[in-house]
Amino acid sequence: MRPILLQGHERSLTQIKYNREGDLLFSVSKDHVVNAWFSHNGERLGTYEGHIGAVWTVDVNSSSTLLVSGSADNTAKLWDVSNGKCLKSWEFNTAVRCVQFSEDDKLVLLVTEPRMGFPATLQIFNVENGVTETVSSEPVYNFNPEGPKITAAAWGALNRYIIAGRENGSVALIDPKTGECVSTNKVHELTLTDLQMSSDRTYFITASKDKSAKILETESLEVLKSYTTDTPLNSAAIMPKHQEFVVVGGGQEAMDVTTTSSRQGKFECRFWHKILEEEVGRVRGHFGPINTIAIHPDGRSFASGGEDGYVRVHHFDDDFFTFKFQI
Amino acid sequence: MPVSATNWADEVDGEDQPQTFTDANGITTIIEYRTNEDGKKVKVTRRTQKKLIHDVVNKAVAARKKWPKFGKEKGNRPGPDPATTNVGDNIKLKLSSTGDVVQDVDEKHEAMKAQLQNKKILCRICKGDHFTTKCPYKDSLGMEDAAAPAAAAEEAAPEEQQSGSKYIAPHMRAGAPAKGSDRDSMREKRDEQPTLRVTNLSEDVTEADVSELFKRFGHISRVFLARDRETNACKGFAFVSFTMREDAQRALEAIDGRGYDNLILRVEWARSSA
């Protein structure tokens with residue numbers, strides 16, 4: 001397969017995300033810009049400009065009309081996907097780490113960092129009016145979750161819970177109405193770096209700096225599967241169709257890259273069999289750690305964004321779909 | 001004076017316009033003439049066949065395809081812009097059930113390391129403890145196998161003595177006088193040092209060249225290059241004295257039979273010190 005290289009960013013990527021149909025790919029990086037790409041040919045649809053700090057996170061709603069981005073400039077912005085117009089800018093005391101639309105597109109979850117004496121906040125805003133500039137500046141819910149810093153967060157099935165991954169490697173279920181921590185499970189030794197839901201949101205995958213990725217059940221937070229690699233992981237994604245795989249990626253810390261050879265860097269996307277927990281293949285190409293991985297909702301392609309500033313979009317060859325794991 | 005990019009003889013009017021033909025099979029041939037980087041005119045023939053492929057997509061997806069570009073892409077033509085979108089090298093995703101294929105690179109590397117751990121690395125050029133390809137003197141001493149000419153020289157030596165058809169240096173001949181003459185005792189002090197006699201040097205060799213050639217093997221205490229009294233050109237031989245006998249031995253083994261300035265060098269122990 002010949003990857004498509006997207007060079008829309010000047011600094012390292014922080015997150016990439018497909019929309020529901022998978023025709024658009026959104027990428028954010030530390031260079032303040034949000035890019036929108038057509039995933040089938042890598043054509044850039046446009047850029048969303050207005051942030052004045054590194055953009056940590058991005059999400060698009062299921063009808064691909066609204067885009068939300070969270071940045072280190074202490075704002076989260078709501079954008080009109082079709083024309084790049086900023087509809088709303090929410091201001092906070094600290095940087096925004098995670099954003100996500102709820103399953104019904106009515107709510108958006110924002111998580112801010114604890115810093116400079118300000119506690120971490122978990123805020124939920126109402127965006128059910130769609131593409132309009134009349135969005136409330138006041139959150140529907142605003143909590144100060146206790147415990148270590150939240151590094152990743154996602155909505156559970158039917159908005160019953162918010163799943164939060166923490167800096168100490170634990171995963172917590174938070175009730176979105178009361179802000180209470182319903183249950184918690186320490187699954188990783190080190191920082192949890194990524195948390196992505198399965199398509200039906202009944203289970204999710206976590207990636208951690210402790211070199212492992214794990215699949216957990218949403219309701220019970222029970223570890224179902226574990227994938228242990230030889231390098232710190234920054235991202236993990238579940239393949240929704242065609243093959244029972246998960247894709248994990250990472251590499252040694254960016255600050256250590258110059259002191260070792262690129263072969264030892266292990267900057268590869270690794271494919272693991274989801275059920276049998278066996279590594280089945282690798283895709284190399286990045287020359288820096290992989291920061292984020294997203295899989296097309298139809299399972300025919302995937303994209304990875306690296307510390308090197310590139311997004312690589314890979315469309316699988318035909319033999320990928322006919323592969324059968326031999327036991 | 002600026003040189004014209006194309007030869008005037010090649011320029012024929014009317015060829016600059018691309019020519020387009022469409023044949024019965026619907027294959028369009030476009031012939032263009034362009035000037036390439038070397039300033040030469042090239043003919044570019046492209047044969048294309050248009051095929052309309054119908055693809056059923058989601059209505060929303062189809063609508064999004066028609067969206068005008070915005071932000072930094074505002075006003076740009078549809079289609080990928082090579083400034084931001086490129087196609088990378090082909091990458092094979094090799095799926096394997098055994099789990100061993102994916103680690104082959106690392107394992108090969110480790111295996112090679114282990115294999116070389118117990119091996120003494122010896123350069124074929126300068127006999128140093130590095131790979132021949134990594135030899136710093138590779139360029140000056142040449143890449144050819146040092147063992148081959150050395151072996152050839154050894155085989156040739158007895159033949160020379162038997163047949164007598166080839167030239168043999170006087171001191172090498174069977175009846176050559178043994179050491180111990182007056183001249184030798186005069187140079188006794190000098191001869192305490194291991195000295196090599198280098199012959200078959202070319203005319204324009206200097207002392208610096210010789211010491212450059214030999215100093216890599218060890219410390220050189222003296223280089224004597226025989227020069228013609230009148231022309232000051234090299235007479236074709238030199239003496240090189242080392243401080244350490246082992247260094248001299250290594251130099252002898254390495255340089256003897258080696259090509260230098262299109263001549264095959266001959267290195268042997270200087271007679272008086274042997």
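We did not get these values from a lab; they are worked out from the coordinates using the rules stated. Because the structure is a prediction, the values reported are computed rather than measured. Cβ sites come from the backbone with ideal geometry, for glycine too, and all protein chains shown count toward neighbours.
The Cα center of the stretch B:46-84 and the Cα center of the stretch A:84-136 differ in position by 32 Å. Couplings 3J(HN,Hα) of the stretch A:306-318, computed from phi: x, 5, 6, x, 9, 10, 10, 9, 10, 9, 5, 6, 4 Hz, in residue order, whole Hz [Karplus 6.51 cos²θ - 1.76 cosθ + 1.60, θ = phi - 60°; x for Gly and Pro]. Counting Cβ atoms of other protein chains within 10 Å of each residue's Cβ and taking the mean over peptide A:162-172 gives 0. Divide the volume of the convex hull around the Cα atoms of the stretch A:109-243 by the residue count and you get 134 Å³ per residue. For the segment A:284-292, counting C-beta atoms of other chains within 10 Å of every residue's C-beta and taking the mean gives 1.
Peptides A:177-190, B:219-232 ranked from most to least packed, by the mean per-residue count of other Cβ atoms within 10 Å: A:177-190, B:219-232. Residue by residue along B:54-64, Cβ atoms of other protein chains within 10 Å of the local Cβ number 3 on average. Between A:SER63, A:SER226, A:SER71, the residue with the greatest mean-square fluctuation in the GNM of chain A (Cα pairs under 10 Å linked by springs) is A:SER63. Counting only DSSP H runs of at least 4 residues, each contributing -39500 (n - 2.57), and dividing by the residue count of chain A, the helix-based mean residue ellipticity at 222 nm comes to -500 deg cm²/dmol. Pairs exceeding a 27 Å alpha-carbon distance, out of A:LYS149/A:LYS214; A:LYS106/B:LYS59; A:LYS77/B:LYS66; A:LYS324/B:LYS65; B:LYS92/B:LYS134; A:LYS77/A:LYS106: A:LYS324/B:LYS65; B:LYS92/B:LYS134. Along the stretch B:259-264 the Karplus relation, 6.51 cos²θ - 1.76 cosθ + 1.60 evaluated at θ = phi - 60°, assigns HN-Hα couplings of x, 8, 6, 6, 10, 8 Hz to successive residues, with x for each Gly and Pro. Other residues lying with their Cβ under 10 Å from the Cβ of A:SER89 contribute a combined charge of 0, Lys and Arg counting +1, Asp and Glu -1. Between A:HIS315, A:HIS242, A:HIS273, the Gaussian network model of chain A with springs among Cα atoms under 10 angstrom shows the greatest mean-square fluctuation at A:HIS242. Taking amide H atoms as placed 1.01 Å from N in the peptide plane, the amide H of A:VAL280 lies under 5 Å from those of A:PHE271, A:TRP272, A:HIS273, each 5 or more residues away in sequence or on another chain.
Note that the stretch A:216-221 has calculated 3J(HN,Hα) couplings of 10, 7, 5, 5, 9, 6 Hz, one per residue in order, obtained from phi through the Karplus relation 6.51 cos²θ - 1.76 cosθ + 1.60 (θ = phi - 60°); glycine and proline are x.
I want to verify a result. In a Gaussian network model of chain A, Cα cutoff 10 Å, which of these has the top mean-square fluctuation: A:ARG44, A:ARG284, A:ARG201? Highest fluctuation among the options: A:ARG284.
Each Lys or Arg adds one and each Asp or Glu subtracts one; over the other residues with Cβ under 9 Å from the Cβ of A:CYS181, this totals -3. With the Cα gyration tensor of the stretch A:131-188 giving a ≥ b ≥ c as the square roots of its eigenvalues, does the rule (a/c under 1.5 for rounded; else a/b larger than b/c for prolate; else oblate) give rounded, prolate or oblate? Cα axes put the stretch A:131-188 in the prolate bin. Charged side chains reduced to their Cβ positions (Lys and Arg at +1, Asp and Glu at -1) give the stretch A:141-248 a dipole of some 160 debye around its Cα centre.
Per the Cα gyration tensor, the stretch A:4-322 maps to an equivalent ellipsoid with semi-axes of 27, 23, 19 Å, ordered largest to smallest.
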